[in-house]
Amino acid sequence: MTEIIVVTSGKGGVGKTTSSASIACGLARRGHKVAVIDFDVGLRNLDLIMGCERRVVYDFVNVVNGESSLKQSLIKDKRFENLYILAASQTRDKDALTLEGVEKVLKELEDDGFDYIIADSPAGIEKGAYLAMYFADQAVVVVNPEVSSVRDSDRILGLLGSKTRKAEQGERVKEHLLLTRYSPRRVETGEMLSIADVEEILGIKTLGVIPESTDVLNASNKGEPVILDADTDAAQAYDDAVARLLGDTRPMRYVTPEKKGFFSKIFGG
């Protein structure tokens, strides 16, 4: 049975595509057959983060319009033989995707035996975001711990509860909270909302907490999902999130400030 997971948020720039790429790699690394699809028509960033931008010949819109087959358009990842990328179009407008076209592509992936389809949603509540979430079984809502991001994500949760196929059938999309750019020190000083604050406002449980780190940007610039940079805190936090997504129980790391050492306290380090 194929599981469709939308990675979404109300606000741009919170780390959706970074999260989509890392979740897809984390699932593939565990042996699952995974397709990750960029729904952000007109912008297209997923292929850059996955490091396959030069290999894009056909895109999602080409498949929907019947200009290429799905097999022609899927890009096989060089690191995992069971991971495939479907890029968005940079040259079409946001109305190029249709509900019927998206359903056809998802059905074909399901028939091809994919275990997971990760839908990398554009930000906000436009048509692309609606199409990315409509067929979802689960949603990973990516939130920065600050008020505007949380407020916009609350609106997304409203849409997940009312504008999806599951909602029409009287069911619920399973919702997960992924907190990105989290800094325990800034939470301590009141500059940032705490995990408990965000959970209380949104009413959903935390799947993972990704620490604020330059490692994320460095990995993106190299065309490599940060989860593969194994020595970094961000990679380990994403791996924990993927494990929880699959039902494992792991303690939440990177959520308390690091204790200063004895010499740091004396010399003000």
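For (1) free of Cβ contacts under 8 Å to residues at least 60 places away in the same chain; (2) touching a helix residue (DSSP H, G or I) at 6+ places or on another chain (Cβ under 8 Å); (3) over 25 Å from Val216 (Cβ atoms), each residue gets a yes or a no:
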site: Glu3; (1), (2), (3): no, no, yes
site: Thr18; (1), (2), (3): no, yes, no
site: Val36; (1), (2), (3): no, yes, no
site: Val41; (1), (2), (3): no, yes, no
site: Asp47; (1), (2), (3): yes, yes, no
site: Met50; (1), (2), (3): no, yes, no
site: Val57; (1), (2), (3): yes, yes, yes
site: Val61; (1), (2), (3): yes, yes, yes
site: Lys71; (1), (2), (3): yes, no, yes
Residue pairs qualifying under the 6 Å Cβ cut-off, at least six apart or on distinct chains, with the first in the stretch 145-161 being among the β-branched types (Val, Ile, Thr) and the second being assigned to a helix (DSSP H, G or I), are Val150/Val198; Val150/Ile201
Within the stretch 13-30, of all residues that are out of contact with any Pro (no Cβ under 8 Å at 6 or more places or on another chain) and of a type in the set (Gly, Ala, Ser), the one most open to solvent (accessible area, probe 1.4 Å) is Gly13
The strands (runs of 3 or more DSSP E) lying entirely within the stretch 131-244 that contain at least 2 residues which are open to solvent by less than 10 Å² (accessible area, probe 1.4 Å), in contact with a Gly (Cβ under 7 Å, 6 or more places away or on another chain) and within 30 Å of Phe60 (Cα to Cα) are 174-182
Within the stretch 47-75, of all residues that are among the charged types (D, E, K, R) and surrounded by fewer than 22 Cβ atoms within 10 Å (Cβ to Cβ), the one nearest to the chain's Cα centre (by Cα) is Glu53
Every listed condition ((1) out of contact with any strand residue (DSSP E or B) (no Cβ under 6 Å at 6 or more places or on another chain); (2) buried (at least 18 other Cβ atoms within 10 Å of the Cβ); (3) of a type in the set (D, E, K, R)) holds for Asp248 save (2)
Per the filter on the stretch 105-130, residues part of a loop (DSSP other than H, G, I, E, B) and either open to solvent by less than 60 Å² (accessible area, probe 1.4 Å) or without any contact (Cβ under 8 Å) to a residue 24 or more places away in the chain (or both) are Asp112, Gly113, Phe114, Asp115, Ser121, Pro122, Ala123, Gly124
Over the stretch 220-242, the set of residues free of Cβ contacts under 8 Å to residues at least 12 places away in the same chain and small (Gly, Ala, Ser) is Ala230
Of the residues in the stretch 85-104 that are of a type outside the set (S, T, N, Q) and surrounded by 20 or more Cβ atoms within 10 Å (Cβ to Cβ), the one that is modelled with the lowest pLDDT is Ala96
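The values are calculated or read from the model by the stated rules, or taken from the named source; none is laboratory data. Being a predicted model, the structure only gives us computed values, none of them experimental. Virtual Cβ from ideal backbone geometry, glycine too; neighbours counted across all protein chains shown. These area figures cover heavy atoms from the full protein model, side chains too; ligands, DNA and RNA do not enter into them. Shrake-Rupley method; radii C 1.70, N 1.55, O 1.52, S 1.80 Å.
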